[in-house]
Amino acid sequence: MLDKIKETAEYLRNRVGGEMPRIAIILGTGLGPLVDHIDDKVYIPYSEIPNFPVSTVEGHSGNLIFGTLGGKPVIAMQGRFHYYEGYDMKTVTFPVRVFKALGVEILFVSNASGGMNKEFQVGDVMTITDHINLFPEHPLRGRNYPELGTRFPAMTYAYDPELKALADKVAAENDIRLMHGVYVGVTGPTFETPAEYEYYRIIGGDCVGMSTVPEVIVANHAGMRVYGISVITDLGGKDVTQVPTHEEVQQAAVIAQPKCLTIMKELVARVQL
Ligand code: HPA
């Protein structure tokens, strides 16, 4: 694994040249168009990157994009690798390892999720304050390489408190209704039954989705600071009769996109490295 990480990082360094970004962004469902706001882009299709798998989901294109956002160099992942696609957790989180090897210090993640919190509305955006990991495979299971991180990493501040506070400030300044909540990470690819949404709410979740948790765990293992934002694309619970669809999820994500964009852009511009 260490050799693969080195090989991929080396390839990207040679291909892109210059100073490597210290910020990486994983663009979730419907948020791919955020790349339109990245300047001086270099696109690298996943298919051309050694050791990178190719993303298979509709609505997710697979490119690594180097450029600048809010005046700072960034790497953006357009399309991520989901556990439900059949990848193992080491593969799902491999790009985060490569980011670290390139010198990335801060990871921004975004995703779409189903809301259980009764205050939430479709199209809301939510700062992920914490998560509950319900994936059946742990990304750190197996041999631990001390070069990559400690055997038993703490997850107390998995989502960086300063970045959360900065997001609140940006939201207030821009009149954005920014919710806070706990993201429950599950495998999918089924959406939840009404009883499952209810269960995830009762155990402390505000929304549920099929990504993010593995990448955030590995980013923390690697000593990176993380900010996560979730777009509430549908609502679930025992009284909810509306059936969620992939199309509805995509549409709601597009509606919420300007809010996400403002928050992401301002956070990148203002964060102290
Ligand atoms: N459940 C799980 N994942 C999701 C949902 C949902 O309701 N909406 C968007 N991603």
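The values are calculated or read from the model by the stated rules, or taken from the named source; none is laboratory data. All of these numbers come straight from a predicted model, not from anything done at the bench. No Cβ is skipped: glycine too gets one built from the backbone with ideal geometry, and neighbour counts run over all protein chains shown. We work out accessible area using only protein heavy atoms, side chains counted, and drop any ligands, DNA or RNA first. Shrake-Rupley method; radii C 1.70, N 1.55, O 1.52, S 1.80 Å.
For the structure I just gave you, tell me whether Val243 is out of contact with any Ser or Thr (no Cβ under 8 Å at 6 or more places or on another chain), of a type in the set (A, V, I, L, M, F, W, C) and under 19 Å from Pro189 (Cβ atoms).
yes
In the range 77-105, which residue that is open to solvent by less than 10 Å² (accessible area, probe 1.4 Å) and of a type in the set (Phe, Trp, Tyr) is farthest from Leu27 (Cα to Cα)?
Here the residue is Phe99.
It is to be established whether one or more residues within the range 96-117 are among the charged types (D, E, K, R) and within 21 Å of Tyr183 (Cα to Cα).
no
Residues to consider are Gly188, Gly181; find the one that is within 18 Å of Thr129 (Cβ to Cβ) and of a type in the set (Gly, Ala, Ser).
When all the criteria are applied, what remains is Gly181.
Filtering the range 111-131 down to residues that are over 17 Å from the mean Cα position of the chain (by Cα) and over 18 Å from Gly204 (Cβ atoms), which residue is farthest from the ligand (Cβ to nearest atom)?
Taking the candidates together, the pick is Gln121.
When you check Ala154 against the structure, is it under 25 Å from Glu105 (Cα atoms), of a type in the set (A, V, I, L, M, F, W, C), surrounded by 14 or more Cβ atoms within 10 Å (Cβ to Cβ) and modelled with pLDDT of 95 or more, yes or no? Lay out the reasoning, then the answer.
Details: under 25 Å from Glu105 (Cα atoms): yes; of a type in the set (A, V, I, L, M, F, W, C): yes; surrounded by 14 or more Cβ atoms within 10 Å (Cβ to Cβ): no; modelled with pLDDT of 95 or more: yes.
The answer is no for Ala154.
Taking interchain pairs and intrachain pairs at least six residues apart, which have beta carbon atoms under 9 angstrom, with the first residue in the range 124-146 and in contact (Cβ under 8 Å) with a residue 60 or more places away in the chain and under 17 Å from Met210 (Cα atoms) and the second open to solvent by 40 Å² or more (accessible area, probe 1.4 Å) and part of a strand (DSSP E or B)?
Listed pairs, sorted by first residue: Met126/His180; Thr127/His180; Ile128/His180.
Taking the residues in the range 150-184 that are under 16 Å from the mean Cα position of the chain (by Cα) and within 16 Å of the ligand (Cβ to nearest atom) as candidates, determine which candidate is farthest from His221 (Cα to Cα).
Gly181
Run down Thr245, Thr212, Thr233, Thr187 and say which single residue is closer than 28 Å to Arg97 by Cβ and near the ligand (Cβ under 10 Å from one of its atoms).
Working: Thr245 fails: closer than 28 Å to Arg97 by Cβ; Thr212 fails: near the ligand (Cβ under 10 Å from one of its atoms); Thr233 fails: closer than 28 Å to Arg97 by Cβ.
Thr187 is the lone residue from the list that is closer than 28 Å to Arg97 by Cβ and near the ligand (Cβ under 10 Å from one of its atoms).
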